[in-house]
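Below is one structure, written out as structure tokens, with a few remarks after it.
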Amino acid sequence: MSAPAQKRIIFQHIDEPGYTNDLACYLKHGGYEVMKRSFARPPQELIDEVKKSGLRGRGGAGFPCGVKWGLVDRKSGKPIYLIVNADESEPGTFKDRYIMQQDPHQLIEGTIISCFANNVKQAYIYIRGEMAEGARILEKAIAEARATNFVGPNILGSSYSCEIFVHRGAGAYICGEETGLIESLEGKRANPRIKPPYFPAVLGLYQCPTIVNNVETLCHVKYIADVGGEAFTKIGTPNHTGPRIFCVSGHVQRPGYYEFPAGTVTMGQLLNDVCGGPLPGRTFKAVIPGGSSAKVMRFGERYKGKRKVGTDMVDYDWGVEDVPMDFDSLGMIGTMGGSGGVIVMDDSVNMVEALANINAFYSHESCGQCTPCREGSLWMKKISTRMVHGDARPEDAALLKSVADQIPGRTICAFGEACSWPTQSFYLKFKDEFDSYSEAKKTLPADRRVLV
Amino acid sequence: MNLKPETLKRIDEVITHYPVKRSATLPLLHLVQEDAGYISDEAIAWIAKKLELELINVLEVVTFYPMFKRKPIGRRHIKVCRTLSCALVGGYKTCETFEKEFLTHAGPTEVSPDGEVTVEFVECLASCGTAPVVLIDDVLHEKVDCAKAKQLAAQIKAEAAARK
Ligand SMILES: Cc1cc2nc3c(=O)[nH]c(=O)nc-3n(C[C@H](O)[C@H](O)[C@H](O)COP(=O)(O)O)c2cc1C
Ligand code: SF4
Ligand code: FES
């Protein structure tokens, strides 16, 4: 079965010829009309629409947005803050960049609607430091919106005022984790906070209630405010509503970003029909389906079990290609949809070497607060790099796994899980390759691609 | 600190964005680094005073975030992505090409012998679909294979020559 056509909602204008990122162009395409209409509604009604929509966060964890908003402490009398998570640094993920650079007003409109719904007077867009150009574009767009009274005091003559400022990070991945982000925005090291008690909804920025949402999530909010929560549930699957943007990279003919209603394409359709299949003369070997920490899938393996379709329980027996690309299906087979970053590896890749690359990332990015994460990620990097560039020993694979197994559940933030899953899943799925690496290495072509 | 009037103006403006002055630490570090090229001891003291903080509050931030440099780096800053999607399509070769072109080693504060560039291997730049990618100063370059890396290097060299 070939893939259904793309349906671009969030990315409607991305790469559209003639579409520019200035206010005039956005207004010409109906910009800020949804915001105007939203201002005529009671804020609670907007929150209810988002709850009804079933929208799940697109930053990685897939937490229901309406539920998150429902947890905000509104009785404390403290101001409520909203932070746009524009840190986009999960390897394999590259969608928020395009929204901010090509359609910044879509994000600003979504942000103001979300602020209005939650009685937020001050929002910050936390953008990663390397995106200096993106920060400039956003600042210019906010200035345009302010000059037109879409942002700032008494928006559109109402009694509602809201400011947005752009705040730049400085090259640390952990700033994407919401409590690390908050610490960073407070001017400190981005050391994540312990939950409980520091749930952002209660004790967030400056110990005030705070909403942290991903860039893409807030664009969905704008769309939901436009069409209604009910209509949003008609797109995608019952438990993963709305559109999904896939970022495909690595060994396919046409890497890039593609938007589909969630769950309507399978991995096989995405990689073969949409992305043009493997490179000439190659076959697919492995794919990481939701950012680099998502557990790897091995082509040729099968997933079996029972799943709910409507009200019935039915058996499924899927190969990698058959898995529908939604949060639940990917969760069911032991991995995750995460941030939508799909990283593809073909048969030219040695999995030990690919893992060594990933381990180097996590070791570099651990914030260092928790011993299991700081030391464990470093050891995994050292062992796997030594396997590639120094002596590889038959017992290394088991050693790697034992280090990985001692991290999750023993750390302050989910980075502990994120850094151990690649080693655990690579070892589980490609045990043969790890156990035999010390031997295989002797015959691998010396001029093969360097991965670490 | 000998900062440009424009920088000082932007510093005073950005502090107003936050109800708590300390939040302006990262923005100030960015502004000072853009102006002075790196974060000196003097800069740390100046920022601490400006934001009514202890020296250590600023120093611990500078040492945590890879983008802040404690000493001067090359005139141009070449950041090559090291992470998986880029590596899968030749990111390591791209980095090596820049190292060879400028007779330098990749490193956070390594400077090429001519003082022209710092080549740094950095983690995922969020453009994995157009890998391998390279950020030169603030400009992103996509699909930078060896040939394109050589072209970019030649351009940097030409711009350096034109300045002399
Ligand atoms: C280690 C780590 C890194 C993260 N990086 C990002 C990121 O770069 N961007 C993002 O939106 N969320 C990231 N998240 C998820 C955030 O903590 C948070 O769940 C998200 O911003 C919530 O927004 P959403 O509900 O709209 O998805 C990360 C989480 C962890 C544990
Ligand atoms: S798990 Fe790792 S990244 Fe998270 S707080 Fe602990 S040391 Fe820092
Ligand atoms: S891996 Fe290089 S940009 Fe993401």
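Positive end of the dipole of region A:8-72 (Cβ unit charges, origin at the Cα centre): among A:Phe39, A:Gly70, A:His13, the Cα lying farthest that way belongs to A:Gly70.
Which lysines, if any, have their Cα less than 28 Å from the Cα of A:Lys441, not counting same-chain residues under 8 positions apart? Output for A:Lys441: A:Lys285, A:Lys295, A:Lys381, A:Lys382, A:Lys401, A:Lys429, A:Lys431, B:Lys93, B:Lys100.
Neighbour counts of other C-beta atoms within 10 Å: give me A:Leu23, A:Leu156, B:Leu28 arranged from fewest to most.
A:Leu156, A:Leu23, B:Leu28
Taking one equal scatterer on every alpha-carbon of chain B, how large is log10 of I(q)/I(0) by Debye at q = 0.10, 0.12, 0.15, 0.21 1/Å? Reported log10 I(q)/I(0), two decimals: -0.44, -0.62, -0.87, -1.21.
Given region B:76-163, report the % of alpha carbon pairs whose separation exceeds 20 Å. The calculated P(r) of region B:76-163 puts 24 percent of pairs beyond 20 Å.
Oblate is the label for region B:5-64. Its Cα gyration tensor axes, ordered a ≥ b ≥ c, give a/c of at least 1.5 and b/c at or above a/b. The mean sequence distance of close C-alpha pairs (under 8 Å, at least 6 residues apart), as a share of the length of chain A, puts its relative contact order at 16 percent. Entry note: the protein assembly as shown has Rg to Rh equal to 0.95, where both radii use alpha-carbon atoms and Rh is the Kirkwood radius. Considering only alpha-carbon pairs that sit under 8 angstrom and 6 or more positions apart, the relative contact order computed for region B:5-64 is 29 percent. In terms of surrounding Cβ atoms within a 10 Å radius of their Cβ, A:Cys219, A:Cys419 rank from fewest to most as A:Cys219, A:Cys419. Taking every DSSP helix (H) stretch of at least 4 residues in chain A, weighting each as -39,500 (n - 2.57) and dividing the sum by the residue count yields a mean residue ellipticity at 222 nm of -11000 deg cm²/dmol. DSSP beta bridges confined to chain B are antiparallel in about 50 percent of cases. Would you mind giving the mean number of other chain beta-carbons within 10 Å of the Cβ of each residue in B:57-65, as a whole number? For peptide B:57-65, the averaged partner shielding equals 4.
Taken together, the values in this text are just the output of simple stated rules run on the coordinates, not laboratory data. Just so it is clear, the model here is predicted, and its values are computed rather than measured. Ideal geometry is used to build each Cβ from the backbone, glycine not excepted, and the neighbour counts take in all protein chains shown.
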